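Step one of this worksheet: look at the structure below.
Laboratory data are not the source of any read-out in this text; all were calculated from the coordinates shown. All values reported here derive from a predicted model rather than from experimental measurement. Counting neighbours? That spans all protein chains shown, and the Cβs are built from the backbone with ideal geometry, glycine included.
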């Protein structure tokens, strides 16, 4: 009996060690910063949480993994992404990074190179990529602001990633939908963020959703 219990414990531990995504077969990895980590939003109310709920309704075999970290830059993302790809083996990577680079005034060439590296790493791991475009306040100067906005279109063309041109469309210019810091959307804005992402994300699931383990 002790031997059987020992085997059962080992099997249970092994199952816990296996990423949920690999059990389900298909996963979407959301890899971003505070905008996707739900900063200042009640637990369960962020746009990624809402995505998970919608996915259960329309593609119940697809697992949503949120690997977003508040304050993350593209440099930190480059460092973290390989482990996340190895662990979760995503079919789709939703890449939402770059905003903190701009807020810190980091060189845009570095931001672009880092995003391109993450896109290429995701493709090499067999994942489709959806890049979420961002814009920054005009007080950073017209040249820097325009170049930052343009780099997302450049990446779409050079890397063949899919793109949501403006993740915060309809939100970031409406004070009623932004927190007091003027950077993070409120809980009320989260459904709009999901609606901005969903039309570009759902086509990427075609051909892979429904292929999870039975």
Checklist outcome for this item: Expressed in µm² per second, the diffusion coefficient of the stretch 21-205 from the Stokes-Einstein equation, with Rh the Kirkwood radius over alpha carbon pairs, at 4 °C and 1.567 mPa s, is 79
Checklist entry - What percent do you get for the relative contact order of the chain when only Cα pairs under 8 Å and 6+ apart count? => result 23
Checklist entry - Want the number for residue 198 to residue 153: 0.36 nm per residue separation, take away the alpha-carbon distance, what's left? => result 14.3 nm
Checklist entry - So for 198, 47, fewest C-beta neighbours within 10 Å to most, what's the order? => result 198, 47
Next on the checklist: Please compute, for the alpha-carbon atoms of the stretch 137-212, the extent along each of the three principal axes and give them in descending order in Å.
Outcome noted: 46, 33, 15
Checklist entry - Relative to the longest principal axis of the chain, what angle (0 to 90°, nearest 10) does the C-alpha long axis of helix 2-17 take? => result 20
Next on the checklist: For Cα pairs less than 8 Å apart in space and 6+ apart in sequence, what is the mean separation divided by the residue count of the stretch 122-172, i.e. the relative contact order in percent?
Outcome noted: 44
